[in-house]
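Accompanying notes for the structure given below.
Please treat every number below as a calculation from the coordinates, not as lab data. The structure displayed is predicted, hence computed values, not measured ones. All Cβ positions, even for glycine, are placed from backbone atoms using ideal geometry, and neighbour counts span all protein chains on display.
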Amino acid sequence: MSDTIQGLLSQSAKGIKPSPIREMFHLIRKPGMISFAGGMPDPDIFPVEQFHQGADILLEEGRDILQYGVTEGYTPLKEFLSRWTAPKMGREPSMDEILITSGSSQVADLLTRATVDRGDYVVCEETSFLGNTINMYNQGANFLTIPCDENGMLVEKISNAVDQARAEGKKVKFIYTIPNFHNPLGCTLSLERRKELVAVAKDKELLILEDDPYGCVRFEGDELPTLYSLDDAGLVLYAGSFSKILAPGTRVAWAIGPKDLIRTMTIFKQGVDTCTSVVAQALVYKYCQSGNLDAFLPKIVSHYRAKRDAMEAAFSKYLPKGEVQYVTPKGGFFYWLTTPNIRAEDLFQRCLEKKVAFVCGAPFFPNGGGEHSFRMCFTFASPEETDRGIKAMGEAMKELLAEKG
Ligand SMILES: Cc1ncc(COP(=O)(O)O)c(C=O)c1O
């Protein structure tokens, strides 16, 4: 960077952190690379035909759709979402409680803009989705991190953490949580903890960001109520997305929350991107309205369940016994592996030589840690690649263990 540009950068830009996953995108697209890295859906099951059938909407309504849209979102899509999400939300949200966003990462971005001043605190899982925590960090947020077990965040630890931070003069603004099939941990917040979390938010006067891109990708067990539906204090902002249940290339997602908060976020969005692509919103609407989304969901679930099972079978077959810890995820996209005797970064370098990629654990810990853990996405690679890639990973682990002696 030239000295001139360096001298002109803002204080925020000087400390800015890139997303390791985004930065890896070019690497993992290299020919021959087997990627368990990005949280990417399987392109083989993208509903290309059905999505294309909806393209006639451009001929029917092109003069509206090719125009700038309102920032709040394309009304027919909002009306569809109000009806479609009602069972999860507990009622049909009104139009002023819904905002269409450019990816659900934009929901986290707009909430942070709306609530966080530089130096303020966000409560989150100790291990969290780095795409969102890095953005919050880049906007000046600090984190109070709460450990998790296989039933999600240890919610009983939140009150003390918040009280202590407040006693030190810190401002805490919201709780960021991924309750279903957590990225990267794979765990799901239990019903009891959901109720407790909503009660803590009310007691401590905090907002909750309920980030739920994986809720529909459940392989086993019963669906649990959303935090939004359990909340009677108007403190939950729910983020949903078409990225994992239709296609991330649409960049269409939504927020449902208290209308005053939605309005403030909408004003920020006016300056960020004017509106989410109306073309994309209209195509997504047409696809959903024709019943395709509901028909596609069971297909995704059985496809990804088989992929999860194939990955776990390969773990058992190829990874050194007793060296790797994981819990089988009941949905979502990820396994979280811990290798007490191997540093994830060493394994990553060794696997890259064998043309296998994953994401190291450390960047998922906003306050540090995770050097012996890593995330494996099971949805993207083909079954044959999964077998070959995990075989190579097993060899890499054995080499590293042998070198350690
Ligand atoms: C937990 C979580 N939140 C948000 C996102 C962002 O999704 P979107 O594509 O809707 O921006 C992801 C994507 O991987 C995610 O895993």
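What helices in the chain pass both tests, a Cα length along the helix axis of 15 Å or more and a mean Kyte hydropathy of -0.5 or higher, using whole DSSP H runs?
For the chain, where a helix must reach 15 Å along its axis and average at least -0.5, the hits are 105-115, 259-273, 278-289, 292-318.
Can you bin segment 157-293 into rounded, prolate or oblate? Criterion: square roots of the alpha carbon gyration tensor eigenvalues sorted a ≥ b ≥ c, rounded for a/c under 1.5, prolate for a/b above b/c, oblate for the rest. If you can, show how the numbers build up before the last one.
Numbers: a/c = 2.34, a/b = 1.41, b/c = 1.66.
The shape class here is oblate.
Would you mind telling me the antiparallel percentage of the DSSP bridges in segment 48-292, rounded to 5?
Bridges in segment 48-292 that DSSP calls antiparallel: roughly 40 percent.
May I ask for the equivalent-ellipsoid semi-axes of segment 229-283, computed as the square root of five times each C-alpha gyration tensor eigenvalue and listed largest first in whole Å? Could you put the intermediate results ahead of the total?
Working: eigenvalues 104, 56, 10 Å².
Output for segment 229-283: semi-axes of 23, 17, 7 Å.
With all pairs of different alpha carbon atoms counted, what Kirkwood hydrodynamic radius in Å does segment 48-292 show?
Kirkwood radius, segment 48-292: 18.5 Å.
Per residue, how much space in cubic angstrom lies within the convex hull of the C-alpha atoms of segment 99-201?
Numbers: hull volume 10.3 nm³, N = 103.
Dividing the Cα hull volume of segment 99-201 by its residue count gives 100 Å³.
Given labels modelled 7 Å from the Cα in the Cβ direction, how far is it in nm from Asp163 to Ser2?
Between Asp163 and Ser2, the label points sit 5.7 nm apart.
Packing-wise, with mean Cβ within 10 Å as the measure, how do 326-333, 297-304 rank, highest first? If you can, show how the numbers build up before the last one.
Numbers: 326-333: 20.8, 297-304: 14.6.
Highest-to-lowest ranking by the protection proxy: 326-333, 297-304.
How much length, in nm to one decimal, is gained on full extension between Phe46 and His303, taken as 0.36 nm per residue of separation minus their Cα-Cα distance?
Extra length available between Phe46 and His303 comes to 91.4 nm.
Find, among the chymotrypsin sites (Phe, Trp or Tyr not before Pro) in segment 16-92, those assigned to loop by DSSP (not H, G, I, E, B) with at most 13 other beta-carbon atoms within 10 angstrom.
Answer by residue number: Tyr68.
What fraction of the Cα pairs in segment 1-67, stated in percent, has a spacing above 16 angstrom? Walk me through the intermediate numbers first.
Details: 1606 of 2211 pairs.
Counting pairs separated by more than 16 Å, the tail of P(r) holds 73 percent.
For a distance above 25 Å, tell me the whole-number percent of Cα pairs in segment 5-125 that qualify.
55 percent
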